[in-house]
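A.B. asks: Quick one: this structure, given as structure tokens, is what I'll be asking you about.
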Amino acid sequence: MPETKKPCSYTVEIEGNQKNLVVNCIGCFLYPSIEDNKACMERVVDYIIASGTPTNVILSSSRNIIYPVEQTRMLVEIANLHKKFVKEQNVFDINLISPHDREALPERLATMKEIVLNNLRGDPIGAYVQTLRELREQKAKLPSATPKERSSLEAFIKVLVNILESIEGTSIIKKAMPKLPGHKIGDREVYRDIFKPLIKPNFMLTRLMAEPPIKAQEIDSYTIGGKNKSDVLIFKVPGKIQYLYHLNPPEFKLDEDAYVLLDEARNVLAKHKPGEKEFVDPKRVRGIFTNISKDLLEQLANSRRMKLKYDEIEKLAEILVRLTVGFGLIEVLLEDEKIEDIYINAPVGTEKVFIKHAEYGECFTNIIPSFTEAEAWASRFRMISGRPLDEANPVLDAEIITPTVFSRAAVIQNPISPKGLSFAFRRHRAKPWTLPLFIKQKYLSPLSAGLLSFLVDGSRSILVAGTRGAGKTSLLTALMVEIMRKFRVITIEDTMELPTESFKEIGYNILPLKVRSAIVGSKSEMSASDGIRTSLRLGDSSLIIGEVRSKEAVALYEAMRIGALANVVAGTIHGDSPYGVFDRVVNDLGVPRTSFKATDIIIVANKIRSPDLLSEMRRVMSVTEVRKHWEDDPVREKGFENLMEYNSKKDILEPSRNLMEGESEVLKSIGSRVKEWIGDWDRIWDNIQLRADIKSMIVKYSDADPSILEANSVVSSNDKFHMIFEQLSKETGYPESDRVKADFEEWLKAKIKKKNEKKL
């Protein structure tokens, strides 16, 4: 049996560079709160005096009440001040407090004891106010005092001034000063404004600021998550340009019995941690631990005679799995579709989590992960990725994949991060993006979606360019959805960001290849260049490159030039313009200028800001074809021709004159391979417009059923479009677009109706 700690006993725990003073409050008749209870505050100050200077003070009960660095520092100041007064003894020296007046000594000595011994540790504000009032009272006696009394009063006043000035110099009094007029000694209200502890249930390692700052203005609220809902509040905090993203997760909505149950269950599961081999398949590990957690929680609940419904056990099991083999509240944050990035800075344990919000930009949160949790995450990433993370390899790229979350993670440590572990998480949609979804969000226009669909079916080579966070990978996945399922797809990535499992689930023949990172990676991993060459031996396939980063670009362009890739080739690359892409590919990555001509289309996506620079939107800025006649400089020799251009006034991607007039070499090249399109630009344009109308139709009917925007439905819609076109071609020759649209609309309406009937 584990040793039971006595109520109100304390221990000192070292966690990384944190020294925690932990007070056991289980069994104590007082509610664990420094701000509410004088006795609790006094006891904590005594423990600080006995144990030395801590980083954090933790009052441990069913929920840990944590007073972080700044608040603990205020308590340390009071402890040091008390030690000074007691050690120096000058505040109790009878020759200082009452010389020449022995009759006043008992009263003055009692006052000193009341201030220093009774009030200073548990109510320093009360001690200050009491000293101030005593000082005024003694000064009021001076005018009527005899010379002997005056000498004694002045000595006593000098001691009081010393006490007053010493207490006045503490942070607590400085913060409380505006509220001191009229303060009643013993009133704890002012402490509630100063001490804002973080809350952490015993079974959790992450701490949360439970209440928002005083005077913070709520500007938005919404819920996230599936069955286990989390509440999100957005606050404007006075004096800060960043918004506060305030999370209230399911863990903080449980009753005390559930807290105790989860704490006990976590202690049991901690003895059965999965090893490195198990983490090779995190999805399988998660499934196993979910089943174990359900059984364990049910057993523990029965032993405690707790009646839990099945959905309650499921809810607790989900929390338990997230906190044991998952990534804690990071997973909850990643469930928020409005979050783009999550940042955890070193030293972990003292820094709040920061996020990049789609609507409110950079925000700070109410979440502070612990050092222990950060180390567990780093260890988990090592096992999942199979890559090292140590002083010789201080950078690690990995991914988080759960039933609802898909994220790229970057981890750094010493020596590149001198203060220890730091993390950055890039959120991706668990399901693939689609062109109709992007139309809905105005990321691109219906006509541009029709054009891109046409280019993918035309087996063109496409680079999606843009700055960081512009949506390059998301657009690449939307292009993949346009690949017909009859074609095999091979993806090549150094960090798995493309949702290949989702593509498998909706029927794609897809093979993901993982290659060595361009920044750091295991020597046992295949290089990206070798990965591309290997893909050529695997038969005809559509080739998707997660990101063209390094010298693998040479191998890619070699394959494209010799026609080794018969189907669509697409990838992402950093660049803010077609020329920026050319400059990076040729001058940075070493691809010959003539080889660059193997690129057919460059799509540029970027972020645009609002006039106040506080919010951002993502838009496709241009769709550009790369012509083949130039020799040296594609800009000077007009090798780049825009097919579509972003109109900022109308906030839409519009067709260029070249596209409208049929002056596109790429589109004509596609048309030259279709018997009915050879030399007939009108039919090519009609097919592009038809695809655009089909995409628009899907968006229109999504008001009745939003699920038709998702990849599984869009793929079915694409299949149906091709089947209708093929069937009508057999019946009537080349089909009229209006007939194709009419048949497709009839099918789509029937599909939505059938689904709604099933719901009923």
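The values are calculated or read from the model by the stated rules, or taken from the named source; none is laboratory data. These numbers were taken from a predicted model, which means no experiment stands behind them. Glycine also receives a Cβ, built like all others from the backbone with ideal geometry; neighbour counts cover every protein chain displayed. Surface accessibility is based on the protein's heavy atoms, side chains included, excluding ligands, DNA and RNA. Shrake-Rupley method; radii C 1.70, N 1.55, O 1.52, S 1.80 Å.
This table checks each residue for (1) surrounded by 22 or more Cβ atoms within 10 Å (Cβ to Cβ); (2) acidic (Asp, Glu).
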residue: Arg460; (1), (2): no, no
residue: Ala465; (1), (2): yes, no
residue: Ala470; (1), (2): yes, no
residue: Met480; (1), (2): yes, no
residue: Lys486; (1), (2): no, no
residue: Asp494; (1), (2): yes, yes
residue: Phe503; (1), (2): yes, no
residue: Asn509; (1), (2): no, no
residue: Lys514; (1), (2): no, no
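A.B. asks: Quickly run through region 700-713 and pick out the residues that are in contact with a helix residue (DSSP H, G or I) (Cβ under 9 Å, 6 or more places away or on another chain), part of a helix (DSSP H, G or I) and either buried (at least 19 other Cβ atoms within 10 Å of the Cβ) or basic (Lys, Arg) (or both).
C.D. replies: Result: Ile708, Leu709, Ala711, Ser713.
A.B. asks: Does Glu77 satisfy the condition of being touching a residue at least 40 places away in the same chain (Cβ under 8 Å), over 26 Å from Lys6 (Cα atoms) and in a helix (DSSP H, G or I)? Walk me through how you get there before you give the answer.
C.D. replies: Numbers: touching a residue at least 40 places away in the same chain (Cβ under 8 Å): yes; over 26 Å from Lys6 (Cα atoms): yes; in a helix (DSSP H, G or I): yes.
So Glu77 fits the description; yes.
A.B. asks: Being open to solvent by 20 Å² or more (accessible area, probe 1.4 Å) and in contact with a strand residue (DSSP E or B) (Cβ under 8 Å, 6 or more places away or on another chain) is true for just one of Val12, Val23, Val86. Which residue is that?
C.D. replies: Working: Val23 fails: open to solvent by 20 Å² or more (accessible area, probe 1.4 Å); Val86 fails: in contact with a strand residue (DSSP E or B) (Cβ under 8 Å, 6 or more places away or on another chain).
That would be Val12, the only listed residue that is open to solvent by 20 Å² or more (accessible area, probe 1.4 Å) and in contact with a strand residue (DSSP E or B) (Cβ under 8 Å, 6 or more places away or on another chain).
A.B. asks: What's the total number of residues in region 321-349 that are crowded, with 23+ Cβ neighbours inside 10 Å and polar (S, T, N, Q)?
C.D. replies: 0
A.B. asks: Also, I was wondering about something else. For region 726-740, which positions are surrounded by 10 or more Cβ atoms within 10 Å (Cβ to Cβ) and either touching a residue at least 12 places away in the same chain (Cβ under 8 Å) or not charged (D, E, K, R) (or both)? Even if it seems obvious, please write down each step before you answer.
C.D. replies: First, the residues of region 726-740 that are surrounded by 10 or more Cβ atoms within 10 Å (Cβ to Cβ): 726-729, 732, 734-740.
Listed by number, the residues that qualify are Gln727, Leu728, Ser729, Thr732, Tyr734, Pro735, Ser737, Val740.
A.B. asks: For Ile219, indicate whether it is at pLDDT 90 or above, open to solvent by less than 30 Å² (accessible area, probe 1.4 Å) and either within 37 Å of the chain's Cα centre (by Cα) or among the acidic types (Asp, Glu) (or both). Don't jump to the end; show me each part of the working.
C.D. replies: Values: at pLDDT 90 or above: yes; open to solvent by less than 30 Å² (accessible area, probe 1.4 Å): no; either within 37 Å of the chain's Cα centre (by Cα) or among the acidic types (Asp, Glu) (or both): yes.
It is false that Ile219 is at pLDDT 90 or above, open to solvent by less than 30 Å² (accessible area, probe 1.4 Å) and either within 37 Å of the chain's Cα centre (by Cα) or among the acidic types (Asp, Glu) (or both).
A.B. asks: Please tell me if Phe364 is under 30 Å from Pro213 (Cβ atoms), open to solvent by 10 Å² or more (accessible area, probe 1.4 Å) and modelled with pLDDT under 90.
C.D. replies: Numbers: under 30 Å from Pro213 (Cβ atoms): yes; open to solvent by 10 Å² or more (accessible area, probe 1.4 Å): yes; modelled with pLDDT under 90: no.
Criteria not met by Phe364.
A.B. asks: Among the residues of region 241-259, which ones are loosely packed, with under 13 Cβ neighbours inside 10 Å and under 24 Å from the mean Cα position of the chain (by Cα)? Explain how you work it out, then say what you get.
C.D. replies: Here is the first cut: in region 241-259, the residues loosely packed, with under 13 Cβ neighbours inside 10 Å are 241, 255-256.
Result: Ile241, single match.
A.B. asks: Scan the strands (runs of 3 or more DSSP E) fully inside region 446-516 and keep the ones with 3 or more residues being farther than 20 Å from Ala605 by Cβ.
C.D. replies: Numbers: elements: 461-466, 488-493, 509-514.
Ranges flagged: 488-493, 509-514.
A.B. asks: Asp686: among the charged types (D, E, K, R), farther than 21 Å from Thr477 by Cβ and outside any helix (DSSP H, G or I), yes or no? Give the steps one after another, and end with the answer.
C.D. replies: Values: among the charged types (D, E, K, R): yes; farther than 21 Å from Thr477 by Cβ: yes; outside any helix (DSSP H, G or I): no.
So Asp686 fails the test.
A.B. asks: Further question: From Ile48, Ile34, which residue is among the β-branched types (Val, Ile, Thr), buried (at least 20 other Cβ atoms within 10 Å of the Cβ) and assigned to a helix (DSSP H, G or I)? I'd like the intermediate steps shown before the answer.
C.D. replies: Numbers: Ile34 fails: assigned to a helix (DSSP H, G or I).
Only one candidate passes the filter, namely Ile48.
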